[in-house]
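The structure appears below as structure tokens.
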Amino acid sequence: QVQLVESGGGLAQAGGSLRLSCAASGRTFSRYAMGWFRQAPGKEREFVALIAQIDGRTYYADSVKGRFTISRDNAKNTIYLQMNTLKPEDTAVYYCAASSISYYPISTGEYDCWGQGTQVTVSS
């Protein structure tokens, strides 16, 4: 089980940018697919983006496609979520997650390790 530590959340204006980081422990980081999820008040946790563990293939939710970019630095055991053109509806707690189960996990149940979450607030 990999340990995940998230950082980079905070306040931003609509149209602005933030960059989230998720540092993973252990030398087996490359064995895990990684993803970002978010949960807004009163809403269920929803998928945002993923990056596969082998070839780095990425996939995005329609709501963030073209605005957010997920990336992976295996040398630093870290993944990132670059968020551009932020909207008030992006306001949520963002969670980093790791999957040792699936090559291409697009659902919550396919992840077995989760970070503590980091708050992102976007004002209009």
Subject >> Normalised contact order of the chain, rounded percent, pairs of Cα under 8 Å and 6 or more residues apart >> reply: 36
Subject >> Span from the segment 6-64 Cα centroid across to the segment 70-102 one, whole angstrom >> reply: 2
**OP:** Just subtract the alpha-carbon distance of Trp114 and Ala40 from 0.36 nm times their residue separation and send over the number in nm, one decimal.
**Re:** 25.0 nm
Subject >> Candidate lysines - alpha carbon under 28 Å from Lys43, same-chain residues fewer than 8 apart omitted >> reply: Lys65, Lys87
Original post:
For the chain, modelled as a Gaussian network with Cα springs under 10 Å, which listed residue fluctuates most, Gly66, Gly56, Gly109?
Top reply: Gly109
Original post:
Largest first, what is the accessible-area ranking of Asp73, Asp55, Asp90 with a 1.4 Å probe?
Top reply: Asp55, Asp73, Asp90
**OP:** Any chance you could run the full-extension gain for Thr121 through Gln13? It's 0.36 nm times the residue separation minus the Cα-Cα distance, nm to one decimal.
**Re:** 38.0 nm
Subject >> Max mean-square fluctuation residue, GNM over the chain, Cα-Cα springs under 10 Å, options Leu81, Leu11, Leu50 >> reply: Leu11
Original post:
Tell me, what is the FRET efficiency for Arg67 and Ile101 to the nearest 0.05, using R0 = 30 angstrom and their Cβ-Cβ distance as r?
Top reply: 0.60
**OP:** Compute, for Arg67, the solvent-accessible surface of its heavy atoms (probe 1.4 Å) with the complete set of protein chains present, and express it in square angstrom to the nearest 10.
**Re:** 30
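The values are calculated or read from the model by the stated rules, or taken from the named source; none is laboratory data. What you see is a predicted model; the values in this text were computed from it and never measured. When we count neighbours, we look across all protein chains shown, and the Cβ atoms used for this are built from the backbone with ideal geometry, even at glycine. Just the protein is used for accessible areas: all its heavy atoms, side chains included, with ligands, DNA and RNA removed. Shrake-Rupley method; radii C 1.70, N 1.55, O 1.52, S 1.80 Å.
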